[in-house]
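Beneath this line is the structure, given in structure tokens, with notes to follow.
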Amino acid sequence: MSSAVVVDSPGSHRLTEHAPRRPEAGEALVRVHAVGICGSDREVYQGNRPEGYVRYPLTPGHEWSGTVEAVGAGVPRGLVGRKVVGEGFRNCQVCDRCHAGETTLCTAGYEETGFTQPGAMAATLTLPARLLHVLPGDADLTAAALLEPAACVAAAALKANARPGERVAVVGTGTLGMFAVQFLRAASPAELLVVGTRRDREELSRRFGATDFRTRDQELPDDVDVVIETAGSADAARLSAALLRRGGRLVLTGIPAPGAEGLDPTDLVVRQLEVHTVFGAPPDAWSHAVRVFGAGLLDPVPLVSHELPLTEFSRAIELVGAGDPTVGKVLLRP
């Protein structure tokens, strides 16, 4: 019998026996290859995820990759054996926001794999087949386990609409920031600046396509066309806005702590800044991320620092929150 992680309540988890759930009509059963740990998984374990955005007891895991083992009625049999990743938001598909393609704004309420629905920290995951995105046959499934955060950044890149020859910047050097560098590089910018707090991320930033790297205490420009913010603090949001020229475009992906003071509305209006935000990834962003990954323009592998068995869930959570600069993306292997 295989295993699964179950978080019964904040701070309490167990490794339990796992039996695959047979897919019903419209569903697929996926054999999980790898599942990523991120800050929101740590929030689930610690109990500080916002009310309504988690439901205990819970098997976490919203960043994953795997192979389809079985499908239910109404699902093409050709999916069996295919390598896949999958969207997390369990949207209703019938409200006006879903019909507009904005599935992360579904008005039926929040439901997401790994938070309110069983996640991928188990040997298998059964979910609606319509949420799957098929990967190339030769895809590296370990790398593909990072396509969920990549899809969130793809949503930011689509909203930023960076055009060839523009001056662009990324604020933040974590997983999301490094993906943002790669997406913006693909748009052929004239300059690609990365701003972070860790000088040790300069080499990786340049490897992914940055033309300049600066820390926040260095002199920074104020005439950038496009900025994607990934650091998740109010200070980072304000710094990002300050980098922009008048009429520039800003996309915020980080989520600051509750009560943080935001951007100055007077500054936004007077400088006519265009501001977008991202929470999760709708289908078009997922498709974009999978296409870019399949084309070899997205390289998640250098971001992975640890691969651990499912039995080391506790250690994985500790690593993610340790603040150790040598810890990158942590993967669990069911």
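Helix-derived [θ] at 222 nm for the chain: sum -39500 (n - 2.57) over DSSP H runs of at least 4, divide by residue count, nearest 500?
Mean residue ellipticity, 222 nm, calculated: -7000 deg cm²/dmol.
Test of understanding: given the chain, find the longest segment containing no GluC sites (Glu not before Pro) that are in a DSSP loop and have at most 16 other Cβ atoms within 10 Å.
Result, exposed sites excluded: 112-218.
Using label points projected 7 Å from each Cα along Cα→Cβ, tell me how many nm separate Ala257 and Ala322, to one decimal.
Result for the modelled spin labels: 2.3 nm.
Hey, what does the equivalent ellipsoid look like for the stretch 20-64, semi-axes from the Cα gyration tensor as sqrt of 5 times each eigenvalue, largest first, whole Å?
24, 14, 8
Restricting to the chain, what percent of DSSP beta bridges are antiparallel, rounded to 5? Kindly include the intermediate steps, with their values, before the conclusion.
Details: 31 of 59 bridges.
The antiparallel proportion sits near 55 percent.
Multiply the residue separation of Gln93 and Asp138 by 0.36 nm, subtract the distance between their alpha-carbon atoms, and state the gained length in nm to one decimal. Show your work: numbers first, answer last.
Details: separation 45, 0.36 × 45 = 16.20 nm, distance 3.13 nm.
The span from Gln93 to Asp138 would gain 13.1 nm if fully extended.
Counting Lys +1, Arg +1, Asp -1, Glu -1, what net charge surrounds Val224 among other residues with beta carbon under 14 Å of its beta carbon?
Working: positive: Arg163, Arg167, Arg214, Arg245, Arg246, Arg249, Arg271; negative: Glu166, Glu191, Asp212, Glu219, Asp222, Asp223, Asp225, Glu229, Glu274.
Here the count lands on -2.
Longest span of the chain, sites excluded, free of chymotrypsin sites (Phe, Trp or Tyr not before Pro) in DSSP loop with at most 14 other C-beta atoms within 10 Å?
Looking at the chain, 54-278 is the longest stretch - no exposed chymotrypsin sites (Phe, Trp or Tyr not before Pro) with at most 14 other Cβ atoms within 10 Å.
How long are the semi-axes of the ellipsoid equivalent to the stretch 167-261, from square roots of 5 times the Cα gyration tensor eigenvalues, in whole Å, largest first?
For the stretch 167-261, the semi-axes come out at 19, 15, 12 Å.
Suppose all protein chains stay in the model; what accessible area per residue would a 1.4 Å probe give for the stretch 48-193, in Å²?
It amounts to 36 Å² per residue over the stretch 48-193.
Scaled to the compact-protein estimate 2.2 N^0.38 Å, what is the alpha-carbon radius of gyration of the stretch 110-166, rounded to two decimal places?
Dividing the Cα Rg of the stretch 110-166 by 2.2 N^0.38 Å gives 1.45.
Let me check the size of the stretch 243-331 from its C-alpha atoms; what are the radius of gyration and Dmax in Å?
According to the Cα coordinates of the stretch 243-331, Rg and Dmax are 18.4, 54 Å.
Report, please, the projected area of the stretch 270-318 averaged over directions, based on the convex hull of its C-alpha atoms, in nm².
That works out to 6.9 nm², a quarter of the Cα hull's surface.
Quick one: compute a quarter of the convex hull surface over the Cα atoms of the stretch 54-181 and quote it in nm². Display every interim value, and only then the final one.
Values: hull surface 40.5 nm².
That works out to 10.1 nm².
What does the charge add up to near Ala19, with Lys and Arg as +1, Asp and Glu as -1, over the other residues with Cβ less than 14 Å from its Cβ?
Counting the neighbours of Ala19, the net charge comes to +1.
At 0.36 nm per residue, and after removing the present C-alpha to C-alpha distance, how many nm does the segment from Ala186 to Arg130 gain when stretched out fully?
17.3 nm
State the percentage of accessible surface on the stretch 166-315 attributable to carbon and sulfur atoms; use a 1.4 Å probe and exclude ligands, DNA and RNA.
Numbers: 3420 of 6780 Å².
The value for the stretch 166-315 is 50 percent carbon and sulfur by accessible area.
Rounded to two decimals, what is Rg over Rh for the chain when you use alpha-carbon atoms and the Kirkwood radius?
0.97
Note the full-extension length gain between Ala100 and Asp217 as 0.36 nm times their separation in residues minus their Cα-Cα distance, in nm to one decimal.
Computed gain between Ala100 and Asp217 is 37.9 nm.
The values are calculated or read from the model by the stated rules, or taken from the named source; none is laboratory data. Everything numeric here is computed off the predicted structure, so don't read it as measured data. As a convention, Cβ positions derive from the backbone with ideal geometry for all residues, glycine included, and neighbour counts pool all protein chains shown. Each accessible area value is taken on the protein alone, full model and side chains, heavy atoms only, with ligands, DNA and RNA left out. Shrake-Rupley method; radii C 1.70, N 1.55, O 1.52, S 1.80 Å.
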